[in-house]
1. Go through Thr241, Thr260 for me and flag whichever is outside any strand (DSSP E or B), on the phi < 0 side of the Ramachandran plot and without any contact (Cβ under 8 Å) to a residue 40 or more places away in the chain.
2. Search the range 1-31 for residues being in a strand (DSSP E or B) and touching a strand residue (DSSP E or B) at 6+ places or on another chain (Cβ under 6 Å), and hand back the single one that is nearest to Ser97 (Cα to Cα).
3. Output the qualifying pairs, or none if there are none: Cβ atoms under 6 angstrom, residues six or more apart or on different chains, first residue in the range 354-369 and on the phi > 0 side of the Ramachandran plot, second residue among the polar types (S, T, N, Q) and within 16 Å of ligand 2 (Cβ to nearest atom).
4. How do the pairs read when you match residues in the range 1-27 that are on the phi < 0 side of the Ramachandran plot and in the same structural domain as Leu109 (by TED's automatic domain parsing) with residues anywhere that are within 16 Å of ligand 1 (Cβ to nearest atom) and part of a loop (DSSP other than H, G, I, E, B), using Cβ under 7 Å and keeping only pairs 6 or more apart or on different chains?
5. Would you pick out the residues in the range 316-335 that are crowded, with 21+ Cβ neighbours inside 10 Å and under 25 Å from the mean Cα position of the chain (by Cα)?
6. With the structure loaded, tell me whether Leu40 is touching a Gly at 6+ places or on another chain (Cβ under 9 Å), more than 16 Å from ligand 1 (Cβ to nearest atom), among the aliphatic types (A, V, I, L, M) and closer than 30 Å to Asn378 by Cβ or whether it fails that test.
7. Taking the condition outside the structural domain of Leu281 (by TED's automatic domain parsing), part of a helix (DSSP H, G or I) and farther than 22 Å from Val359 by Cβ, does Glu107 pass?
8. Which of the following residues is surrounded by fewer than 21 Cβ atoms within 10 Å (Cβ to Cβ), within 23 Å of Ala138 (Cα to Cα) and free of Cβ contacts under 8 Å to residues at least 40 places away in the same chain: Thr94, Thr35?
Amino acid sequence: QLPIESIRSLSDTHPKPPHIRFQYGTAGFRTLGSTLDSVLFRVGVIAGLRSKKFDGQTIGVMVTASHNPEQDNGVKIVDPRGEMLEAAWEAHATTLSNAPTTNDFLEALDALVRTTKIDLSKPARVVYARDTRPSGVALVSALEDGLSAIGAEGRNAGVTTTPVLHYLVKAINTKDTPESYGEDSEDGYFQKLGSAFQSLVSGRQPLEPLLVDCANGVGALAALSLSGCLGGSLPLILENTAIQSPGALNNACGADYVKTMQRLPPSLADRLKPGQRACSLDGDADRLIYYYLDERGIFRLLDGDKIAALVAAFIVDLVKSAGLENEVKVGVVQTAYANGASTKYLSGRLPVKCVATGVKHLHHAAEHFNVGVYFEANGHGTVLFSPATQAKLAAHQPSTPAQSTALNHLMNLTRLINQTVGDALSDMLLVEAVLAHRSYTGVEWDSLYVDLPNRLVKVVVQDRNAFRTENAERRLVSPPALQAKIDELVRRYDGGRSFVRPSGTEDVVRVYAEAVVRSQADELAFRVAGLVY
Ligand code: NG1
Ligand code: ZN
């Protein structure tokens, strides 16, 4: 039986605001923080039920709105293996969050328990965390009310990054098992990353200091803890660490700003010396964008596609050096936003798959490779080593010292890389390890291929649901005839490519365009936007 009275009395203190429709989208619930009280309460109850469904395994809840402005907030649920919530439950979460009254909420809960056959006598455990947004404090206490309403045991992981929360979920659920993922604490995670990184770079030329733009968010705290676990192997210069300054979060800084504006955060203008590497995290530290100033002081972007190219080529070489090239196949997963030049570069070397936007899709596609490298152009991604591949690495008997070294590096990569979700800090160490091995500066890395100039614009439309796509979102099927008009325009641009899709996180339609010449990419984007409007 559902604890109806306890849910009822607490639910009444977290009423759903009328006239707002919530949606569990690609990044969970995400909107103005001040409207999310009832959603957090209900997510607490849902997470408790989800845990019961998994026989008391721990479920994660992360309170964040990532790269969005400070006044926004959001919440997402993490499944027992540290992965995103299963799609069917996204729909349940949407339904439950929109029940107008407490009675409707109780009825919907009852229906969920029956249709998904939840055994309510099972225990429920939930670990939760938040980013540095001021609205997070009250939202966490609404979440805690939801947990106590359903009788779930809560563990507060405090203020930390999204990927740390994912890690904790997996570490807690594998604790004391042969698959143990590591110690279930933030410090345990950073120790694990730090030791894998130090093994990977030991004996190499020491790395030049790296400038890290922390977006004035939780990444500032995490990067500081991490740097304490690196044993001086990588000096970090932390910038934009003002987590207490109202309005500073993601404001004119952070990975999303740098990628979208294709420019340096103004706050770094006097900080970055030509040739020096720098990177930006986003507000919950799961996205990473690199950049540098060339010898003329011109800003050069090293985005998620460049990270994928750097990392995939490195892993392919290690696999070959370890004598495993016939047994371990490396593949790359991208979305339509990947720069055309990156797709060309990669597909000449490896299998490359294109999937719909959203980490979930990339992650699932990457699981089909022995080693799946996935990065969104915006800097969100990671590398997955399949369980069979990890077993193969562990069992492989190297026949030369060179094979043994390469094998060791591969094993350290499996420890350095967060296998549950993209992590800006783990990815940063990955990039730095590859640069150290290759003796690359930003310039050499950048020259793997030359990006096609591109432009991404948002268009506010009456109804973004009128826009439906096919072929991994590269073509529109509706509104009718619009795709034919886009095709007609694209044909007129040298190296032109453009596509239109509805955003899953904002009430807009996105238009992407690229072409051989900068001005043409801009023009194409704005003309396609004109067709959409
Ligand atoms: P939408 O709003 O669906 O385009 C954005 C990003 C995605 C992904 C999600 C989740 C772009 C063009 N889109 O999705 O890649 O990161 O947010 O955060 O960058
Ligand atoms: Zn993020």
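The values are calculated or read from the model by the stated rules, or taken from the named source; none is laboratory data. These figures come from a predicted structure and were not determined experimentally. Neighbour counts are summed over all protein chains in view; Cβ atoms, including those assigned to glycine, are modelled from backbone coordinates with ideal geometry.
1. Working: Thr260 fails: without any contact (Cβ under 8 Å) to a residue 40 or more places away in the chain.
The conditions single out Thr241.
2. Just the residues of the range 1-31 that are in a strand (DSSP E or B), to begin with: 25-26, 28-31.
Cutting the leftovers down to touching a strand residue (DSSP E or B) at 6+ places or on another chain (Cβ under 6 Å) gives us 28-30.
Numbers: Gly28: 12, Phe29: 9, Arg30: 12 Å.
Ranking the qualifying residues of the range 1-31, first place goes to Phe29.
3. Gly358/Thr26
4. Gly25/Gly504; Gly25/Thr505; Thr26/Gly358; Thr26/Gly504; Thr26/Thr505; Ala27/Ser66; Ala27/Thr505
5. Answer for the range 316-335, where residues must be crowded, with 21+ Cβ neighbours inside 10 Å and under 25 Å from the mean Cα position of the chain (by Cα): Val330, Val332, Val333, Gln334, Thr335.
6. Details: touching a Gly at 6+ places or on another chain (Cβ under 9 Å): yes; more than 16 Å from ligand 1 (Cβ to nearest atom): yes; among the aliphatic types (A, V, I, L, M): yes; closer than 30 Å to Asn378 by Cβ: yes.
Judged against the criteria, Leu40 is a match.
7. Numbers: outside the structural domain of Leu281 (by TED's automatic domain parsing): yes; part of a helix (DSSP H, G or I): yes; farther than 22 Å from Val359 by Cβ: yes.
So Glu107 passes the test.
8. On the way: Thr94 fails: free of Cβ contacts under 8 Å to residues at least 40 places away in the same chain.
Result: Thr35 is the single residue among Thr94, Thr35 that is surrounded by fewer than 21 Cβ atoms within 10 Å (Cβ to Cβ), within 23 Å of Ala138 (Cα to Cα) and free of Cβ contacts under 8 Å to residues at least 40 places away in the same chain.
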